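What follows is a short report on a single structure.
Here, each number is a calculation from the coordinates, and none is a lab measurement. None of these values were measured; they are calculated from a predicted model. Cβ coordinates were reconstructed from backbone atoms using ideal geometry, including for glycine residues, and neighbour counts include every protein chain displayed.
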Amino acid sequence: MNSEKSTQLLSSADHFSVLLSPTPRGARLARLLATDWMRGRNLPHRTTEAAEHLVAELAANAATHGRLTGRDFRLALLTDGATLRIEVTDTRGDDLPSRRAPAPDVESGRGLLLVEALADRWGVDLGPVPCKTVWAELDLPTF
């Protein structure tokens with residue numbers, strides 16, 4: 001039996017999901033995989049560009065604030081033709097994100113301001129215990 005850890009990758013036309021390690025490398029891989037998936041769906045460039053930033057921020061938050069040793073985070077992308085939904089689930093349901101104004105001389109703490117500026121909607125869903133899912137949605141243009 002092979003006991004090596006592997007990345008679980010589920011993909012269909014409208015749904016993408018992957019488990020990643022809660023590390024800077026895992027956060028970077030989340031952005032790269034999301035970008036590749038979105039390009040394969042021919043999403044508009046503006047949407048893909050905003051989504052790349054959202055994935056990068058949410059994945060970095062999961063790797064930084066949602067990190068528990070031995071517990072991965074999940075990135076999921078879903079589209080129904082009208083909306084692109086980005087979900088990042090980690091196992092720190094006790095540590096909810098909150099938007100606050102950072103001090104001007106601090107280098108971090110502006111991530112949720114970026115999420116709020118780029119996303120049409122965003123929020124947090126709790127559960128199943130001990131998890132939380134931070135999500136962001138982008139409306140897709142209609143033609």
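Computed values, structure above
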read-out	value
Relative contact order (percent, whole number), the chain, Cα cutoff 8 Å, 6+ residue spacing	23
Cβ-based net charge around G93, under 10 Å, with every Lys or Arg adding one and every Asp or Glu removing one	-2
Two-site FRET efficiency, R71 against L113, from Cβ-Cβ distance with R₀ of 22 Å, rounded to 0.05	0.25
Solution diffusion estimate, µm²/s, Stokes-Einstein, the chain, Kirkwood Rh from C-alpha pairs, 25 °C, viscosity 0.890 mPa s	158
Debye intensity ratio I(q)/I(0), log10, segment 14-74, q values 0.13, 0.17, 0.27, 0.29 Å⁻¹ (C-alpha model)	-0.33, -0.53, -1.08, -1.18
Packing-based order for 53-66, 120-133, using average beta carbon neighbours within 10 Å, highest first	53-66, 120-133
Mean-position separation - Cα centroids, segment 65-102 and segment 26-43, in angstrom	16
Amide N proximity, segment 51-72 versus L96 label position 7 Å along Cα-to-Cβ, cut-off under 17 Å	66
Selected from L78, T48, C131, residue furthest toward positive end of dipole (the chain; charges at beta carbon)	C131
Packing-based ranking, highest mean first, of 38-46, 81-89 given that Cβ atoms within 10 Å are counted	81-89, 38-46
Chain lengthening between R121 and D80 when straightened (0.36 nm per residue, less Cα-Cα)	13.2 nm
